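The values are calculated or read from the model by the stated rules, or taken from the named source; none is laboratory data. Just so it is clear, the structure is predicted and the values come from calculations on it, not from any experiment. Every residue, glycine as well, gets a Cβ built from its backbone with ideal geometry; the counts of neighbours run over all protein chains shown. The accessibility values were calculated without ligands, DNA or RNA, using every heavy atom of the protein model including side chains. Shrake-Rupley method; radii C 1.70, N 1.55, O 1.52, S 1.80 Å.
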Amino acid sequence: MMQVRKGLFNIVLFGGRLFQQWAVDMYIKIQSMRLDWYSNPANQKLIRAELYQGLVDVISSGDTRASEVGRRVVLPRSFLGGDRDMQQRFLNAMAIVQRFGKPDYFITMTCNPYWEEVTSNLEPGQTPQDRPDLVSRMYRGKLRHLKDLLIKQKYFGEVAANVHVTEFQKRGLPHEHILLIMKKGCKLTSPDDYDKYISAEIPNKDKYPMLHNLVIKHMLHGPCGALNMKCPCMIDKACRFRYPRQFNPETQQGKDSYPLYRRRDDGQRVKIRGAELDNRWVVPYNPGLLMRYNCHINVEACSSIKACK
């Protein structure tokens, strides 16, 4: 019912916020049917739920309390989003780190609803907010391309292992967190290696005009702190992301597993959201990936698993 067919007017896709409500209702119906199937005692036998009815599971789940007495419904690991599914994914990720070592790159990719591929496929009068199906489909394609670039095409070098997770922002747009564990000859070992792949400065407008505009549009944090105490990142009158950072003439290895990237006081200033920002407000990025995907794509080096929690 959500497919676009030439010559046919699909009233569902023109519903605006009603379309979003319809999509949520349909998803809830599908999940409810799945849960109803698993809650059927006959189907519990099919998934061998009795294997999980041991004493340890009973005690850990609190069934010793009278208020918790009742028939338990066990969800298998194949049920996406269930406790066992999430626990399995977590243990798999930890096993990968144990086997291949600590991550080297921490990459965050955020969906841009105004990608040309999205806006060019909107019907007259529609906005990206009216077509969450189109935005999600395009994001999925961009994500697959990014993974192919990083892993198969070896953008940063040979990848030994990778882990990624998709999350959704409060406004409904997806974003991705990717951890890359590089092979021995492709690891970041010195500040020169950090500068080769990661930048935290505003590019020169005359020399790199397109990159300059992309950094201004996607990679500047805030303003927050004294410039805007009502910014969502403010907790106890301090930015939880520690912006603005300090000027730094050279890249250094930090004490908290993250490098201190080069942020020179070179006089670069831009006015964003009513405030003048400099290199202290730049979110670390990779110029090549930023130019290629035209969205917020944060790239950082991490030397311990603590930095990735």
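Just wondering, is there one or more residues in region 124-131 that are part of a helix (DSSP H, G or I), crowded, with 16+ Cβ neighbours inside 10 Å and without any contact (Cβ under 8 Å) to a residue 40 or more places away in the chain?
Yes: region 124-131 contains one or more residues that are part of a helix (DSSP H, G or I), crowded, with 16+ Cβ neighbours inside 10 Å and without any contact (Cβ under 8 Å) to a residue 40 or more places away in the chain.
How many of the residues in region 197-210 are buried (at least 20 other Cβ atoms within 10 Å of the Cβ), of a type in the set (A, V, I, L, M) and touching a helix residue (DSSP H, G or I) at 6+ places or on another chain (Cβ under 8 Å)?
Looking only at that region, the number is 2.
Looking only at residues that are surrounded by 10 or more Cβ atoms within 10 Å (Cβ to Cβ) and over 28 Å from the mean Cα position of the chain (by Cα) in region 65-87, which one is modelled with the lowest pLDDT?
Ranking the candidates gives Glu68 first.
In this structure, is Leu180 hydrophobic (A, V, I, L, M, F, W, C), under 27 Å from Lys154 (Cα atoms), touching a strand residue (DSSP E or B) at 6+ places or on another chain (Cβ under 6 Å) and free of Cβ contacts under 8 Å to residues at least 60 places away in the same chain?
It is false that Leu180 is hydrophobic (A, V, I, L, M, F, W, C), under 27 Å from Lys154 (Cα atoms), touching a strand residue (DSSP E or B) at 6+ places or on another chain (Cβ under 6 Å) and free of Cβ contacts under 8 Å to residues at least 60 places away in the same chain.
Scan Asp265, Asp195, Asp206 and give me the residue that is acidic (Asp, Glu) and in contact (Cβ under 8 Å) with a residue 60 or more places away in the chain.
Criteria check complete, one pass: Asp195.
Kindly indicate the residue of region 93-115 that is more than 22 Å from Gly15 (Cβ to Cβ) and without any contact (Cβ under 8 Å) to a residue 24 or more places away in the chain and also most open to solvent (accessible area, probe 1.4 Å) among those meeting that condition.
Gln98
For region 224-271, give me the residue count where each residue is of a type in the set (D, E, K, R), within 20 Å of Ile202 (Cβ to Cβ) and either open to solvent by 60 Å² or more (accessible area, probe 1.4 Å) or not in a strand (DSSP E or B) (or both).
Residues that pass the stated criteria total 9.
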